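J.: For reference, the structure I am asking about is given below.
The values are calculated or read from the model by the stated rules, or taken from the named source; none is laboratory data. Bear in mind the structure is a predicted one, so any value in this text is a computation, not a measurement. So basically every Cβ, Gly included, is an ideal-geometry build from the backbone, and we count neighbours across all protein chains shown. Accessible surface areas use protein heavy atoms only, side chains included; no ligands, DNA or RNA. Shrake-Rupley method; radii C 1.70, N 1.55, O 1.52, S 1.80 Å.
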Amino acid sequence: MESDEDMHDANDVESDDFYSGEADDYYNSDNADVDDYEFVEDADADSDVFTARHHQQNYIILKEEDIRQRQEDDIIRVAGVLSIPRVAAIILLRHYNWSVSKVHDAWFADEDGVRKEVGLLERPVVEHPNLRELPCGICFESHPRDKIMSAACGHPFCSTCWAGYISTSINGGPGCLTLKCPDPSCGAAIDQDMINQFAPKEDKKKYSQYLLRSYIEDNRKTKWCPAPGCEYAVEYAAGSEGYDVSCQCSFNFCWNCTEEAHRPVDCNTVAQWIMKNSAESENMNWILANSKPCPKCKRPIEKNQGCMHMTCTPPCKFEFCWLCLGAWSDHGERTGGFYACNRYEAAKQEGAYDEAERRREMAKNSLERYTHYYERWASNQSSRQKALHDLHQLQTVQLDKLSDLQCQPESQLKFIIEAWQQIVECRRVLKWTYAYGYYLPELNHAKKQFFEYLQGEAESGLERLHQCAEKELQPFLNEEIPSSNFNDFRTKLAGLTSVTRNYFENLVRALENGLSDVDAHGGCSRAASSKNVGSSKASKGGGRGKGTASTRAGSSRTDDTSHWSCDHCTYANVKSATTCQICQHRR
């Protein structure tokens, strides 16, 4: 990340800094002129850029008919190149995980070895010349020749046993796709023609579905969308930078781990966070933080009244002091009466904590810290779900009504849809920044302070956008504000959407880079600091938000007493210096 000023200036060509005081003055002014806002004329152009950016996908969404067509094309290609039947091509592709290139390479390298490996026999291993009846290898009954069927291997089985064998295999799951001859010593493959010949209609449908799903699940380049009930698949371009995928069902997920999209947090952190949220360790932390074990039976006891005189539940019934866990019979006037234990207080002042008390305090602190981050993570998740619901309502009901009231086509109101889509996306990013913050090392105070500042600015900007889209739209839907003010609303909402999007994109990049602009000593790196200064000189106006960014991000002194942190660029200068070596700002 270049600096906090870079994030504010990312859209400076198009608009003023909406996180600065100038933006606040603009929004709070009753006489704000539309012409003063530079974003207005390019609002549609910016929307086109936004749309184009999101259309540059590194993945393809596949419907069921697309999957079937691709599967059929691969089957026909392999069958044509190798001059083999269609059913044999299916067996080969299944064995090589639907990779046409692997099939070709293996086949032309060693055709006989491949045939033996997958069970494609060229001639029967068992022959029965001129026999009118043959015994079935399963039921051992003799049947006329026309009632006996065999795979390529020639092992004889009656039609009834074939039907039962195939039906049982299909109902057993996808393993039926690699079905072999019922003879235990034979590895001949059972092809789809034999499946279609003996399987009932329902089983044929199941087999076809298994075959379709295997085309996605066995292919390293494709995955199913993990959203419940979604039937779309995704083909991902190998070597692409980002893992975020947006399915047509509106579910966003990470291609790498198939969890919900979680930038800027990596997949390992997400796995840790999800496990922590569902683990029993937090229950144990609560028990340790809010209860104490009975000194006699060791059962955990929660204190629910003010008195220190505790009595364990039957059958124990041991009476003890909550403070020192000593027997209550030892607590009289000499120890402070019934409401204070001087013996424990004295020991506490001397630092004589026992191991159990130390662990209890650590558990309590850990639980409070986890609760802080989890509550905010969950709160943003809840806000995101509400925003998704509001977006759906807008698209299905309110947009049509607004179009009639404002006498404008729905295409001219897409800026509202884009604003809500941006709110949904930013809520997701902001939610995962709390998981990022939880695992950020506590000892790196400068980096943590910088992160919390960036996170706070992101929250402030998002709340401004969310409030504008949620509160300020309603009067137009309720016909409480004349239509002449709608253009002002369009200007404001489109501008906030653009600036918020740019800020969050820079925030994501900064966190994914590990906040590399902040060094271990509490200051920005030289390159980043120099660029920060350059962007400050080139920027217009400098408003309240920009000045605050530099001050708040670097106002604290470093932990190393031999250095001081510049309030302007946060560079760590030697103690003897009176001006910053980077920006020449006075100490």
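J.: Just wondering, is there one or more residues in the range 369-388 that are out of contact with any His (no Cβ under 8 Å at 6 or more places or on another chain), farther than 18 Å from Y434 by Cβ, outside any loop (DSSP other than H, G, I, E, B) and modelled with pLDDT of 75 or more?
T.: Checked the range 369-388: at least one residue is out of contact with any His (no Cβ under 8 Å at 6 or more places or on another chain), farther than 18 Å from Y434 by Cβ, outside any loop (DSSP other than H, G, I, E, B) and modelled with pLDDT of 75 or more.
J.: Can you confirm whether Y453 is of a type in the set (S, T, Y) and surrounded by 19 or more Cβ atoms within 10 Å (Cβ to Cβ)?
T.: When the stated conditions are applied, Y453 does not pass them.
Listed here are the residues, each with its yes/no results for (1) of a type in the set (F, W, Y); (2) under 30 Å from T178 (Cα atoms); (3) out of contact with any Gly (no Cβ under 6 Å at 6 or more places or on another chain); (4) loosely packed, with under 15 Cβ neighbours inside 10 Å.
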{"site": "E217", "(1), (2), (3), (4)": "no, yes, yes, no"}
{"site": "P228", "(1), (2), (3), (4)": "no, yes, yes, yes"}
{"site": "V234", "(1), (2), (3), (4)": "no, yes, yes, no"}
{"site": "Y243", "(1), (2), (3), (4)": "yes, no, yes, no"}
{"site": "Q248", "(1), (2), (3), (4)": "no, no, yes, yes"}
{"site": "W255", "(1), (2), (3), (4)": "yes, yes, yes, no"}
{"site": "E260", "(1), (2), (3), (4)": "no, no, yes, no"}
{"site": "V265", "(1), (2), (3), (4)": "no, no, yes, no"}
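J.: Of the conditions (1) more than 23 Å from E64 (Cα to Cα); (2) open to solvent by less than 30 Å² (accessible area, probe 1.4 Å), T168 fails just one. Which one is it?
T.: (2)
J.: Restricting the first residue to the range 246-265 and requiring it to be under 21 Å from E217 (Cβ atoms), which pairs with a second residue that is open to solvent by 60 Å² or more (accessible area, probe 1.4 Å) and small (G, A, S) meet a Cβ separation below 9 Å and a spacing of at least six or different chains?
T.: As it stands, the answer is C249/G229, since those pairs meet every condition given.
J.: Something else: Considering (1) out of contact with any Lys or Arg (no Cβ under 9 Å at 6 or more places or on another chain); (2) open to solvent by less than 20 Å² (accessible area, probe 1.4 Å), say which one W432 fails and leave the rest.
T.: (1)
J.: Go through (1) touching a helix residue (DSSP H, G or I) at 6+ places or on another chain (Cβ under 6 Å); (2) modelled with pLDDT under 90; (3) open to solvent by 20 Å² or more (accessible area, probe 1.4 Å); (4) of a type outside the set (D, E, K, R) and name the single condition N444 misses.
T.: Unmet condition: (1).
J.: Shifting gears a bit: Mind telling me which of the residues K201, K180, K206, K223 ends up being within 22 Å of P135 (Cβ to Cβ) and of a type in the set (K, R)?
T.: Among K201, K180, K206, K223, only K180 is within 22 Å of P135 (Cβ to Cβ) and of a type in the set (K, R).
J.: Confirm whether A469 is modelled with pLDDT of 85 or more, closer than 30 Å to S411 by Cβ and either open to solvent by less than 10 Å² (accessible area, probe 1.4 Å) or of a type in the set (A, V, I, L, M) (or both).
T.: Taking the combined requirement at face value, the residue satisfies it.
J.: Sticking with this one: Please identify the pairs in which a residue from the range 174-186 that is over 14 Å from D218 (Cβ atoms) and outside any loop (DSSP other than H, G, I, E, B) has its Cβ atom under 7 Å from the Cβ atom of a residue that is at pLDDT 90 or above and open to solvent by 50 Å² or more (accessible area, probe 1.4 Å), counting only partners at least 6 apart or on another chain.
T.: Going by the 7 Å Cβ cut-off, the qualifying pairs are C176/Y210.
J.: Ok, one more. Out of E127, E65, E72, which single residue is open to solvent by 80 Å² or more (accessible area, probe 1.4 Å) and modelled with pLDDT of 85 or more?
T.: Going through E127, E65, E72 in turn, the sole match is E65.
J.: If we keep just the residues of the range 187-218 that are acidic (D, E) and out of contact with any strand residue (DSSP E or B) (no Cβ under 8 Å at 6 or more places or on another chain), which is farthest from I90 (Cα to Cα)?
T.: My answer is E202.
J.: Say whether the condition of being surrounded by 15 or more Cβ atoms within 10 Å (Cβ to Cβ), among the hydrophobic types (A, V, I, L, M, F, W, C) and on the phi > 0 side of the Ramachandran plot is met by at least one residue in the range 77-91.
T.: Scanning the range 77-91 turns up no residue that is surrounded by 15 or more Cβ atoms within 10 Å (Cβ to Cβ), among the hydrophobic types (A, V, I, L, M, F, W, C) and on the phi > 0 side of the Ramachandran plot.
J.: Somewhere in the range 99-122, is a residue under 36 Å from the mean Cα position of the chain (by Cα), surrounded by 12 or more Cβ atoms within 10 Å (Cβ to Cβ) and not in a helix (DSSP H, G or I)?
T.: Yes, because at least one residue in the range 99-122 is under 36 Å from the mean Cα position of the chain (by Cα), surrounded by 12 or more Cβ atoms within 10 Å (Cβ to Cβ) and not in a helix (DSSP H, G or I).
J.: A further question on this structure: Of the residues D404, D488, D400, which is in a helix (DSSP H, G or I), open to solvent by 60 Å² or more (accessible area, probe 1.4 Å) and touching a residue at least 12 places away in the same chain (Cβ under 8 Å)?
T.: Within the list D404, D488, D400, the selection yields D488.
J.: Within the range 143-165, restricting attention to residues that are open to solvent by less than 20 Å² (accessible area, probe 1.4 Å) and among the hydrophobic types (A, V, I, L, M, F, W, C), which residue is nearest to Q197 (Cα to Cα)?
T.: W162
J.: Tell me whether the range 105-117 contains one or more residues that are under 24 Å from S208 (Cα atoms) and out of contact with any Ser or Thr (no Cβ under 6 Å at 6 or more places or on another chain).
T.: Looking for residues that are under 24 Å from S208 (Cα atoms) and out of contact with any Ser or Thr (no Cβ under 6 Å at 6 or more places or on another chain), one finds at least one in the range 105-117, hence yes.
J.: Contact list please: Cβ distance under 6 Å, first residue in the range 193-221 and among the acidic types (D, E), second residue open to solvent by less than 90 Å² (accessible area, probe 1.4 Å), pairs at least six apart or on different chains.
T.: Note: pairs meeting the criteria are D193/V87; D203/S167; D203/I170; D218/N97; D218/W98.
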